[in-house]
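The values are calculated or read from the model by the stated rules, or taken from the named source; none is laboratory data. Since this is a predicted model, take the numbers as computed values, not measurements. Heads up, the Cβs are rebuilt from the backbone with ideal geometry, glycines too, and the neighbour counts pull from every protein chain shown.
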Amino acid sequence: MSDSAGFLLDPHAGVLDELLRRAAGEGLYLIARAVDRRAQSVSVVNGRTEEVASSSNLGLGLSVFTAEGTCAFGAVDGLAPSDALVTFRRTADTARVAARMEATPTTAFLSATPNRSRIPQAGRRSFQSVRIPEAETRARGLDEEMRGRFPGLSTRTSLSFEREEWRVVRSDGTQAAWAVTRFVSSQAMTAAGSDGEDGSFTCRATLSSPHFDALEDDSARRVLQLRAEGAARRALALPAAGRFSSAGPVPLLIDYALAKGLAHEAFGHAAEADSFRSSVLARDGRFRRGERVGRDGVSVIDEPLRGDHADQPISANGQPRRRVEIVRSGVLHDALTDLFAADGVGGASNGCERAQSYRHPPIPRMSNIRIELENARPLAAPFEEMGPEEIRRLVGDAGLLDRYPRVVYLSGYTGGQVNPVRGDFLFNCQALYELTGRSVTLHRPSAFRGSILGALASLADGFGPLHLDAIGTCGKWGQSVPSSGGSHAFVLLEPNPNVGVGA
Amino acid sequence: MTIQGAMPPEIATLLAALQNGGTGAMRVADWRVNWTWRQEVSAAIRDSEPLNVHAPLAVEESTAAGVLVQWADGRLSRRRVERAEAAQPERFLEAALASAYEDSDGAVFVGPTTAPEVPLFVPETAAVAAGHLDPLAEVLSAARSVASSHGFRNLSGSVSAVHARSGVRTSRGCDLADEVTRFTWWFSFEGLASESDQRREPIPGSAVRERLAEPADRVGRLLHDEANVLPGPVPVLLHPNAAESFLFTYLLGNLEGDLVWNRRSAFRREQFDGGASVAREDLSVRLDPLVPFGAGSYHFTREGVVARKVDLIASGRLTTPILDLKYARRFGREPVPGPLGAESLVFASRPFPSSEEAIGGLDRGLVVFSVLGLHTQDPTSGDFSVAAPQSLAIRAGRLGGRVRAALTGNFLQALHSPDMRLVRFPGQPMPGILLPAGLSVDAVSR
């Protein structure tokens, strides 16, 4: 059967149904997840194929609840009926043991609404249609192109293809199934200083799509090419660049990939309902709904987008995933809740549970998260064609260089981290540009860090349309899941003593 | 090596198919299978709620294999599968052939070899992994008692036990197998101070309480901000947890052979040939994966390279990259296995001062317990720009209050400094590092 049209896990429905019968017979509540994940990747380094790898994972994860609400989680590879029954038996026994270990009970599942829905993959091509020789040729071509245009760079080009299919059943009659496809093309360029003493710098460019044949589209190839060229130029210029010295709070302009990082690290994690007993956006276990944390017109929104890199239309507990306005026009409004942690915002589950695989218990996570500002200013050119000089003109036209002696522009997201308990966050860029009325100066990457509430209060202006295809991988509690998001092409943060860059 | 149980039947099925050599276009010339069976139990506490639905008592069993196949036409396939596909060799071969590619340097298959006799299996831990959960409850209880005695509102962490069997077989006669156990815990108080431990045997509650005493005391200091922090260059003492992160990101991360060969490392190929100086001359880093029951010990890599002691940095000079079979062939060197973690490494330097001595010798400085964002840095440059919100000021040789610091500098350059020192911390297997003044420390007030 072609996976683009149907569901590969349908033949295993009987195994899950039998587990539901066993659970009912023992007075237990069961949430069972079957997952089929297939992946292939091609890596080319400096024009040579470095590795082609493929993998296949099929397995079962079980959340078993006793009548009192204590829970245990069990997982096993494969979906063989005998293995599934042994795992159910072991998990059920463990749930009863958990009660003796002072486990924290919940019966929130009793108020859940059964969900029977099936959402097929957005990708137009099946996983089986991916031809590795063609992908290898494509990757080598992309790699050679960059090496030809920028001699002396060390290049790495990767293409990855992934399909995940989930089937979730619950004791309340829920039968949900969905599939997602992910294609990512990424290029990393490393440049070394001329004398070997200036260090080496690596900059990256990526393009994601639900379509495995995305690079057959001329416009998609052009976008990747522009991004890769920008990364290559940054990498080549950085060894000669100096470090940025901050003389206190400065106005910060960040691109949409960094804005995704800010939304994700600083606001999204703190709005995940499983952390409300400790998050700075909650008090005494309840989300601080209604409190003003930003300016009018500033919103932070998380929602699954069809075909997006982090799309998950249905939660790992079988709930439909909803749009969540974490901040609505400057005011805390809603949180990333799940079936079991919705009390903190008034009892509504937004279906935000995700799990890395069948081997992991679901926890509230983001999908595609963005920062939106009202009355964003227009851009003169597409984002990929906005170089540092064009950006200097943009902020100059907006009057920022009249108000401030300099604006610091951070470009290219390399990842971030947050401590939602203390409210500290940090993320990093690929390059830092100091923009003044007369010049643009490139500096080495420097961390953007501060307090969550300080950053929220500083968001001031947006430039350009929304760009939501910044991608990454989010790690939390030992689990990694795809993440995505963005903002307007550029976002401005006004100077704030609780937000800093450089040292 | 004595193995207490049989190879999983699905793996045996896959091996039999490979040994038969496939058929037709799926003709197999050489192969390697590295397989793992593991059983694990874990228990956690999230924000002071033990074993809640987001961190439940969990039991898991898995069987997986990584397979390298060289087909009759010379091409290679690398495929990772779990038990369902391993049990269907025809399906495996078909999928593997579809992703075949040319890589002559990658076609290296280890022959007959013998793994070192290093005991890493403890039956009591295997019993926990099989469902005897009392030791997990004891560890959770110990952490909760420490948190309670200090009046902490927030405790998070987990404890787990793993029993694993693994093996590597090749068409050239390699037949390695082992059996190991791991017992691991970590806990964090108030989101401010954390600690962890990993052993082969179950860790008693008393040992957990002892290990958690220092981070529990640290929380009290971190809850009070230091007054009158002056930004500027000061010596920074990295706690072993932070030092490990820096060393793995900038030093060990740049020793990977594939990165060196492809000019994606801070170090160049010729620097290894010439034994280039990359640190002060009294600093040495040695891989030692052969410590009986050591948390960083192992018997062989997934390619079938047996564990051995290797000098990675000797007297401040590069000796060898970490080399898998493919890059060992390209470099023309013997394969060099890498560390499992800091516990696999031995650091040598001039006599280490204790942390008490190091702090006492500083008029002004900073102790950094953890940093945010090290994984976002570019290790090839050596540059770092990170937040260190869990830091304590040092004033006149004594610990002061909390400083929410930002650190900027170049770690690779700092390793050359004559003022850089390794520092012993009580109860910590890994040393801390005293980095010289020169780093920029920017205090950020809340």
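The number of residues in segment A:452-471 that are part of a strand (DSSP E or B) and surrounded by fewer than 24 Cβ atoms within 10 Å (Cβ to Cβ) comes to 9. Looking only at residues that are touching a residue at least 60 places away in the same chain (Cβ under 8 Å) and in a loop (DSSP other than H, G, I, E, B) in segment B:365-399, which one is farthest from B:Ser265 (Cα to Cα)? If we take residues in segment B:365-399 being touching a residue at least 60 places away in the same chain (Cβ under 8 Å) and in a loop (DSSP other than H, G, I, E, B), then B:Gln377 is farthest from B:Ser265 (Cα to Cα).
Which residue is farthest from B:Arg38 (Cα to Cα), if the candidates are limited to segment A:66-82 and must be more than 8 Å from chain B (Cβ to nearest Cβ) and touching a helix residue (DSSP H, G or I) at 6+ places or on another chain (Cβ under 9 Å)?
Restricting to residues being more than 8 Å from chain B (Cβ to nearest Cβ) and touching a helix residue (DSSP H, G or I) at 6+ places or on another chain (Cβ under 9 Å), the top hit is A:Glu68.
The residues listed here are A:Asp77, A:Asp93; of these, the one that is of a type in the set (Asp, Glu), surrounded by fewer than 22 Cβ atoms within 10 Å (Cβ to Cβ) and closer than 30 Å to B:Ala64 by Cα is A:Asp93.
Residue by residue, here is whether (1) of a type outside the set (D, E, K, R); (2) at pLDDT below 90; (3) in contact with a helix residue (DSSP H, G or I) (Cβ under 7 Å, 6 or more places away or on another chain) holds:
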site: B:Asp383; (1), (2), (3): no, yes, no
site: B:Ala393; (1), (2), (3): yes, no, no
site: B:Gly401; (1), (2), (3): yes, no, yes
site: B:Phe411; (1), (2), (3): yes, no, yes
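Of the residues in segment B:204-217, not one is closer than 20 Å to B:Val118 by Cα, modelled with pLDDT of 95 or more and out of contact with any Cys (no Cβ under 9 Å at 6 or more places or on another chain). Note on segment A:66-121: residues that are in a strand (DSSP E or B), among the aliphatic types (A, V, I, L, M) and under 16 Å from A:Leu28 (Cα atoms) total 1. Against the conditions (1) over 30 Å from A:Thr106 (Cα atoms); (2) buried (at least 19 other Cβ atoms within 10 Å of the Cβ), B:Glu60 satisfies every one except (1). Restricting the search to segment A:277-296, which residues are in a loop (DSSP other than H, G, I, E, B), more than 15 Å from A:Val418 (Cβ to Cβ) and either among the hydrophobic types (A, V, I, L, M, F, W, C) or without any contact (Cβ under 8 Å) to a residue 40 or more places away in the chain (or both)? Within segment A:277-296, A:Arg277, A:Asp284, A:Val293 meet the criteria. If you check B:Gln413 against the conditions, is it surrounded by fewer than 18 Cβ atoms within 10 Å (Cβ to Cβ) and within 14 Å of chain A (Cβ to nearest Cβ)? Here the answer is yes, as B:Gln413 does meet what is asked.
Looking only at segment B:11-22, decide whether some residue is without any contact (Cβ under 8 Å) to a residue 60 or more places away in the chain, farther than 30 Å from A:Val97 by Cα, more than 11 Å from every other protein chain (Cβ to nearest Cβ) and in a loop (DSSP other than H, G, I, E, B). Walk me through how you get there before you give the answer.
Taking segment B:11-22 and keeping what is without any contact (Cβ under 8 Å) to a residue 60 or more places away in the chain, we get B:12, B:20-21.
Now restrict to residues that are farther than 30 Å from A:Val97 by Cα: B:12, B:20-21.
Keeping just the survivors that are more than 11 Å from every other protein chain (Cβ to nearest Cβ) gives B:12, B:20-21.
Okay, now just the ones that are also in a loop (DSSP other than H, G, I, E, B), so B:21.
Scanning segment B:11-22 turns up at least one residue that is without any contact (Cβ under 8 Å) to a residue 60 or more places away in the chain, farther than 30 Å from A:Val97 by Cα, more than 11 Å from every other protein chain (Cβ to nearest Cβ) and in a loop (DSSP other than H, G, I, E, B).
The rows are residues; the columns are (1) under 24 Å from B:Thr36 (Cβ atoms); (2) more than 7 Å from chain A (Cβ to nearest Cβ); (3) among the aliphatic types (A, V, I, L, M); (4) touching a Cys at 6+ places or on another chain (Cβ under 8 Å).
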position: B:Ser77; (1), (2), (3), (4): yes, yes, no, no
position: B:Arg83; (1), (2), (3), (4): yes, no, no, no
position: B:Ala87; (1), (2), (3), (4): yes, yes, yes, no
position: B:Ala95; (1), (2), (3), (4): yes, no, yes, no
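Annotation note: of A:Leu79, A:Leu159, A:Leu85, the sole residue that is at pLDDT 95 or above and touching a His at 6+ places or on another chain (Cβ under 7 Å) is A:Leu79.
Each residue in segment A:467-503 was checked for being among the aromatic types (Phe, Trp, Tyr) and in contact with a Phe, Trp or Tyr (Cβ under 9 Å, 6 or more places away or on another chain), and 1 of them qualify. Has segment B:342-352 got any residue that is at pLDDT 95 or above and over 19 Å from the mean Cα position of the chain (by Cα)? The answer is no; no qualifying residue exists. Residues that are of a type in the set (D, E, K, R), over 30 Å from B:Phe121 (Cβ atoms) and surrounded by 20 or more Cβ atoms within 10 Å (Cβ to Cβ) occur in segment B:201-223; there is at least one. Look at A:Phe212 and say whether it is of a type outside the set (Val, Ile, Thr), touching a Lys or Arg at 6+ places or on another chain (Cβ under 6 Å) and surrounded by 24 or more Cβ atoms within 10 Å (Cβ to Cβ). Here the answer is yes, as A:Phe212 does meet what is asked. Is one or more of the residues making up segment B:367-378 more than 21 Å from the chain's Cα centre (by Cα) and surrounded by fewer than 16 Cβ atoms within 10 Å (Cβ to Cβ)? Within segment B:367-378, none of the residues are more than 21 Å from the chain's Cα centre (by Cα) and surrounded by fewer than 16 Cβ atoms within 10 Å (Cβ to Cβ).
Checking each residue in segment B:163-197 for being within 12 Å of B:Val110 (Cβ to Cβ) and in contact with a strand residue (DSSP E or B) (Cβ under 8 Å, 6 or more places away or on another chain) picks out B:Val168, B:Arg169, B:Thr170, B:Ser171, B:Arg172, B:Cys174, B:Asp175, B:Leu176.
Condition test on A:Ala139, is it in contact (Cβ under 8 Å) with a residue 24 or more places away in the chain and not in a helix (DSSP H, G or I)? So A:Ala139 does not fit the description; no.
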